[in-house]
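J.: Take a look at the following structure, please.
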Amino acid sequence: MAQDIELLVAIAEIAGVFVGFGALISMTRGSQIEASLLTQIRAVVTIGLVVIVAALVPAGLSRYGVTGHDLWAICSLIFLILIWAVTVMSLRRSENKAIVVTRARANPATAIIFWILLEIPMQVPLVLTVLGLYPDLEPAFYTTALVLNLFQAAFVLAQLVYAQVSAAGE
């Protein structure tokens with residue numbers, strides 16, 4: 001378990017870098033940020049924060065003696081709740097919903113990469129863990145979900161950076 005905790009803390013540290021980059025970009029751009037870029041900055045920061053929390057929950061719970069399936073099932077359920085809460089809260093904002101729809105229509109490949117190749121594969125291992133179908137794989141499932149969530153932050157950050165580069169070139 002100590003090895004798992006070290007890995008999870010390292011993942012949290014990496015996610016902290018994404019949160020820092022998102023915050024730095026928003027601070028340097030200030031009021032010049034258009035709505036779609038602000039949405040992406042918020043997404044990078046939010047995804048990074050979810051990864052940090054989800055990576056540290058097992059470390060905290062394990063200190064209270066929660067182990068094995070109980071640990072990974074509780075953590076996976078918390079992770080799923082975080083993912084869904086952030087998604088629902090984000091899409092409840094009309095401007096965010098409009099930006100997501102506009103971007104999906106403008107570039108369906110990007111939407112497919114995000115939702116089908118990252119989001120679904122991230123959530124499936126968490127659901128499998130909650131259901132307890134593969135107890136020996138639960139730490140690996142949890143790590144997979146964290147890494148894929150981190151990839152989402154990287155994906156959104158890359159989109160943000162490339163949007164800035166193409167806007168500067170126009």
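J.: Answer yes or no as to whether TYR162 is surrounded by fewer than 18 Cβ atoms within 10 Å (Cβ to Cβ), of a type in the set (Phe, Trp, Tyr), free of Cβ contacts under 8 Å to residues at least 12 places away in the same chain and closer than 23 Å to ALA15 by Cβ. Step through it out loud before you land on a result.
T.: On the way: surrounded by fewer than 18 Cβ atoms within 10 Å (Cβ to Cβ): yes; of a type in the set (Phe, Trp, Tyr): yes; free of Cβ contacts under 8 Å to residues at least 12 places away in the same chain: yes; closer than 23 Å to ALA15 by Cβ: yes.
When the stated conditions are applied, TYR162 passes them.
J.: Out of the stretch 127-140, which residues are buried (at least 19 other Cβ atoms within 10 Å of the Cβ) and under 17 Å from the mean Cα position of the chain (by Cα)?
T.: Once the filter is applied, which keeps residues that are buried (at least 19 other Cβ atoms within 10 Å of the Cβ) and under 17 Å from the mean Cα position of the chain (by Cα), the stretch 127-140 yields nothing.
J.: If you don't mind, there's one more thing I want to ask. Across the stretch 40-73, what is the total count of residues that are without any contact (Cβ under 8 Å) to a residue 60 or more places away in the chain and not hydrophobic (A, V, I, L, M, F, W, C)?
T.: Summing the residues that are without any contact (Cβ under 8 Å) to a residue 60 or more places away in the chain and not hydrophobic (A, V, I, L, M, F, W, C) in the stretch 40-73 gives 7.
J.: Going residue by residue through the stretch 85-96, is there one that turns out to be at pLDDT below 85 and of a type in the set (S, T, N, Q)?
T.: yes
J.: What are the pairs with Cβ atoms under 7 angstrom where one residue, in the stretch 130-144, is without any contact (Cβ under 8 Å) to a residue 60 or more places away in the chain and the other, located anywhere, is part of a helix (DSSP H, G or I) and open to solvent by 50 Å² or more (accessible area, probe 1.4 Å)? Sequence gap at least six, or different chains.
T.: VAL130/LEU77
J.: Does the stretch 80-92 contain at least one residue that is of a type in the set (Phe, Trp, Tyr), farther than 23 Å from PHE18 by Cα and either surrounded by fewer than 20 Cβ atoms within 10 Å (Cβ to Cβ) or without any contact (Cβ under 8 Å) to a residue 60 or more places away in the chain (or both)? Outline the logic, then answer.
T.: Taking the stretch 80-92 as the starting set, the residues that turn out to be of a type in the set (Phe, Trp, Tyr) are 84.
Still in the running and farther than 23 Å from PHE18 by Cα: none.
Looking through the stretch 80-92, none of the residues is of a type in the set (Phe, Trp, Tyr), farther than 23 Å from PHE18 by Cα and either surrounded by fewer than 20 Cβ atoms within 10 Å (Cβ to Cβ) or without any contact (Cβ under 8 Å) to a residue 60 or more places away in the chain (or both).
J.: If you check VAL100, VAL156, VAL147, which single one turns out to be among the β-branched types (Val, Ile, Thr), buried (at least 18 other Cβ atoms within 10 Å of the Cβ) and under 14 Å from the mean Cα position of the chain (by Cα)? Spell out how you get there, then give the answer.
T.: Values: VAL100 fails: under 14 Å from the mean Cα position of the chain (by Cα); VAL147 fails: buried (at least 18 other Cβ atoms within 10 Å of the Cβ).
Only one candidate passes the filter, namely VAL156.
J.: With respect to VAL124, determine if the residue is of a type in the set (Val, Ile, Thr), surrounded by fewer than 18 Cβ atoms within 10 Å (Cβ to Cβ) and within 27 Å of ASP4 (Cβ to Cβ). Let's see the steps before the verdict.
T.: Numbers: of a type in the set (Val, Ile, Thr): yes; surrounded by fewer than 18 Cβ atoms within 10 Å (Cβ to Cβ): yes; within 27 Å of ASP4 (Cβ to Cβ): yes.
Yes.
J.: Could you count how many residues in the stretch 28-59 are modelled with pLDDT of 80 or more, farther than 19 Å from LEU7 by Cβ and small (Gly, Ala, Ser)?
T.: Within the stretch 28-59, residues that are modelled with pLDDT of 80 or more, farther than 19 Å from LEU7 by Cβ and small (Gly, Ala, Ser) number 1.
J.: Among the listed residues LEU71, LEU8, LEU80, identify the single one that is on the phi < 0 side of the Ramachandran plot and at pLDDT below 95.
T.: LEU8
J.: Further, regarding this structure: Test ILE116 against the stated conditions and say whether it is part of a helix (DSSP H, G or I), loosely packed, with under 12 Cβ neighbours inside 10 Å and out of contact with any strand residue (DSSP E or B) (no Cβ under 9 Å at 6 or more places or on another chain).
T.: It is true that ILE116 is part of a helix (DSSP H, G or I), loosely packed, with under 12 Cβ neighbours inside 10 Å and out of contact with any strand residue (DSSP E or B) (no Cβ under 9 Å at 6 or more places or on another chain).
The values are calculated or read from the model by the stated rules, or taken from the named source; none is laboratory data. Owing to the predicted nature of the structure, the values given are computational and were not obtained by experimental measurement. Reconstructed Cβ throughout: ideal geometry from the backbone, glycine too, with neighbour counts over all protein chains shown. Note: accessible area is taken over every heavy atom of the protein model, side chains too, but ligands, DNA and RNA are not part of it. Shrake-Rupley method; radii C 1.70, N 1.55, O 1.52, S 1.80 Å.
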